[in-house]
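Have a look at the structure below before the remarks.
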Amino acid sequence: MTLGFPVLLRLIDERSTAFRAAVASAPSLDVRVPTCPEWTLFDLAQHIGEGRRDWAVTVAAGPAPAKSAAEGAPAVPREREALLAWLAESTEQLLDALRKAGPDRGCWTWWETSQSPQTSGAVARHQLQQMAVHTYDAQITVGAPQPLSAEVALDGVDEFLSTCVATASAWPHEPAVVDFHASEGRSWRLSLSADGARTASLPGPGSTSATAADQDAHAANASASGTADQLVLFLHGRIPVNSLELDGDRRLFDQLSAWDPDE
């Protein structure tokens, strides 16, 4: 079950506020971001602001692709207070566009063959995870990383597997099944084959529902277990796979990390 649309908007706003707090506390905007080493904190802030403005324009345009909001826009302010105000305005533009669209309106997205719909609601869900992970990036930059809440992280595992991994592009290796187990009680199964990648939720501990795949506890070729926060950070490449409890063929995680379905 995904988070409701009003909850997504509230959490986007909360994570955006936390992101700005990290930027405000940094000794310098030129400090390097450990989890995105090619970026300074200013670069990360610019990415966040411009990205939210682009998605605001995209949501407002509906199913048709929209031009980048950065085209013809003034330069991103480098003075800290002005930058923080610009970031707040960027978030509000996105939230305003999402409120006006509602959750069910068609929207252009890059995830055409995934398991996520091309709607403004799916965009809101993805935007929450973008803000959550990049807030972690900003926080670790200033030495104060905070774990994602279980509410955000549990939806984040599901969102990443459904949006960023699920595809109709052929898996270039032997068919495989990979399970992900969150200690909060939710599990997911990722099936990889020449038909692409598809994910499904598995019954949690104590569930009485069962399918043929669920009944076979050894059906997975590999599994990764940890908190939902750890799973999200691994999936987004923020922490190494050995941060998780692994079982089965570990090579599958390296293959997943290196796989680009668009190539």
Positions within the stretch 95-110 being open to solvent by 10 Å² or more (accessible area, probe 1.4 Å), on the phi < 0 side of the Ramachandran plot and part of a loop (DSSP other than H, G, I, E, B), in sequence order | P103, D104, R105, W108, W110
When every residue in the stretch 147-190 that is touching a strand residue (DSSP E or B) at 6+ places or on another chain (Cβ under 8 Å) and in a loop (DSSP other than H, G, I, E, B) is compared, the one nearest to Q130 (Cα to Cα) is A166
May I ask you to list the residues in the stretch 145-162 that are surrounded by fewer than 21 Cβ atoms within 10 Å (Cβ to Cβ) and within 17 Å of S201 (Cα to Cα)?
-> A150, E151
Unique residue being out of contact with any strand residue (DSSP E or B) (no Cβ under 6 Å at 6 or more places or on another chain) and modelled with pLDDT under 95 when the list is A66, A82, A101, A88 = A66
Does T113 qualify as being over 30 Å from A24 (Cα atoms), open to solvent by 20 Å² or more (accessible area, probe 1.4 Å), among the hydroxyl-bearing types (S, T, Y) and modelled with pLDDT of 95 or more?
-> no
Which numbered condition A75 fails, given (1) open to solvent by less than 50 Å² (accessible area, probe 1.4 Å); (2) part of a loop (DSSP other than H, G, I, E, B) = (1)
Just one of the numbered conditions (1) surrounded by 23 or more Cβ atoms within 10 Å (Cβ to Cβ); (2) of a type outside the set (A, V, I, L, M); (3) closer than 28 Å to L41 by Cβ is not true of Q139; which one?
-> (1)
Is it the case that some residue within the stretch 78-89 is crowded, with 22+ Cβ neighbours inside 10 Å, outside any loop (DSSP other than H, G, I, E, B) and touching a helix residue (DSSP H, G or I) at 6+ places or on another chain (Cβ under 8 Å)?
-> yes
Which one of the conditions (1) in a helix (DSSP H, G or I); (2) more than 18 Å from A18 (Cα to Cα); (3) hydroxyl-bearing (S, T, Y); (4) in contact with an Asp or Glu (Cβ under 9 Å, 6 or more places away or on another chain) does S68 fail to meet, given that it meets all the rest?
-> (1)
Could you count how many residues in the stretch 219-240 are of a type in the set (A, V, I, L, M, F, W, C) and either open to solvent by 40 Å² or more (accessible area, probe 1.4 Å) or modelled with pLDDT under 95 (or both)?
-> 1
Tell me which residues, restricted to the stretch 15-49, are part of a helix (DSSP H, G or I), more than 22 Å from L148 (Cβ to Cβ) and open to solvent by 20 Å² or more (accessible area, probe 1.4 Å).
-> D43, Q46
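The values are calculated or read from the model by the stated rules, or taken from the named source; none is laboratory data. Worth saying up front: this structure is predicted, and the values here are computed from it rather than measured. Note that each Cβ is placed from the backbone with ideal geometry, even for glycine, and that neighbours are counted across all protein chains shown. Ligands, DNA and RNA are stripped out before the accessible areas are found, and what is left, the full protein with its side chains, is counted by its heavy atoms. Shrake-Rupley method; radii C 1.70, N 1.55, O 1.52, S 1.80 Å.
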